[in-house]
Amino acid sequence: MVRPLRLEFPGALYYVTSRGDKYDIYLDEDDRRAWLEVLDQVCHRFKWIIFAYCQMDRDFHLLVETMDCNLAKGMRQLNGVYTQYFNLRHNKTGPLYRGRYKAILVQKKRYLLAVTRHIALLPLYRDMTTTLENWPWSSYPATIDTVKAPQWLAQKKLLNKFAKKRKKAIQAYRQFIMEGKGLPSPLEQTQHQILLGDDDFVARYQQGIHSEFPPERAESSDKANILPLHSYQQRYPNKKEAMARAYLSGAYTMAQIGDHFGVNYMTVSRAVRQFEKKDD
């Protein structure tokens, strides 16, 4: 099996999915809402833009555009914080997900809409619902104005691809989604496990000259700038501020910070939220 390559750059579009290891990752609606709250925090912190998402039972699916080189950092927070919540609430231990998340780099012009449709149709494909409007755990209801769209959902940006007037755009979007029923998945066109685009897109990426592929940020410089947790403790006398700054550095999970400061991850989470509100 080809080892997936890591590529992060500003403006990159990814199809991302994570699957539970031993059991479903959502056991009830409270779990689903908690996951959405974590996603909201991640989008705010890392400036993610979500074009589509869908929660199933054992997995979730995202189409996310990153404004910075931070897919790995954001996914570490999303999966890490939710795992901590899930294990604490359901009295479980160990990994929640089956290995690392999977990410495919998507060519925007050619495949953005197709992948959005694939994600929207998942509840129908898996017999989770008979109508997409009745599956509240995806971005589809918010995209068609059935429910209020979260701030991080690229609803307007997506609808503008169908029509200028909102009503016509929603109608065209709904028709586009339903026309995808029975069509092959666009993911079948993925090349080298991580690239979804036409042949030129893939070839130019491999040659390192594609305009959408600036040089990848060197990880060595990131690692060199990571402060140990005790440095945050020494620099910031206010414990909550120290924990928040450590978390916002992207180098540590809430569990790691909590262990160091002698608190649970919920205390760290509250400290981060309070710090962000104060900073705003």
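Computed from the coordinates by the stated procedures, all read-outs in this text should not be read as laboratory data. Please read these numbers as outputs of a predicted model, since none were measured by experiment. Glycine gets a Cβ as well: all are built from the backbone with ideal geometry, and neighbour counts include every protein chain shown.
Structure summary
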read-out: Rounded to the nearest 20 debye, dipole of the stretch 219-279 from Cβ charges on Lys, Arg, Asp, Glu; value: 300 debye
read-out: Sequence-distant residues sharing a close amide H with Gly20 (under 5 Å, placed H); value: Ile25, Asp59, Arg98
read-out: Between the stretch 89-103 and the stretch 157-190, the alpha-carbon center distance in angstrom; value: 32 Å
read-out: GNM top mover of Val81, Val42, Val263 - the chain, alpha-carbon springs below 10 Å; value: Val263
read-out: Assigned charges on the beta-carbon of Lys, Arg, Asp, Glu; the stretch 12-207 dipole about Cα centre (debye); value: 660 debye
read-out: Rg/Rg_ref, the stretch 219-279, where Rg_ref = 2.2 N^0.38 Å and atoms are Cα; value: 1.06
read-out: Total lysine pairs under 22 Å (Cα atoms) in the stretch 219-279, excluding pairs fewer than 8 apart on one chain; value: 4
read-out: Taking Ser138, Ser231 and counting other C-beta atoms within 10 Å, the order from fewest to most; value: Ser231, Ser138
read-out: Cβ-based charge dipole, the chain, positive-most Cα from Tyr236, Tyr125, Ala203; value: Tyr236
read-out: Gain on full stretching of the segment that runs from Asn134 to Val147 - 0.36 nm per residue minus C-alpha separation; value: 3.6 nm
read-out: Two-site label geometry, Gln191 and Tyr125: point separation in nm, points 7 Å out along Cα→Cβ; value: 2.2 nm
read-out: Cβ-based exposure ranking for Tyr101, Tyr236, in which fewest neighbours within 10 Å come first; value: Tyr236, Tyr101
read-out: Three-way shape label, the stretch 107-189, alpha-carbon gyration tensor, a/c 1.5; value: oblate
read-out: Estimated D of the chain in µm² per second, where Rh is the Kirkwood radius over Cα pairs and Stokes-Einstein applies at 10 °C, 1.306 mPa s; value: 79 µm²/s
read-out: Karplus-derived HN-Hα couplings along the stretch 191-202 (A = 6.51, B = -1.76, C = 1.60, θ = phi - 60°), whole Hz, x at Gly and Pro; value: 10, 6, 6, 10, 10, 10, x, 6, 4, 5, 4, 5
read-out: Selected from Gly20, Gly74, Gly182 as most flexible by GNM, with the chain as the system and alpha-carbon contacts under 10 Å; value: Gly182
read-out: Principal-axis tilt of helix 166-178 within the chain, Cα atoms, nearest 10 degrees; value: 80 degrees
read-out: In nm, spacing of pseudo-spin labels at Asn160 and Ala172 (7 Å Cα→C-beta vector); value: 1.4 nm
read-out: 5 angstrom amide H check on Thr146, placed H, neighbours 5+ away; value: none
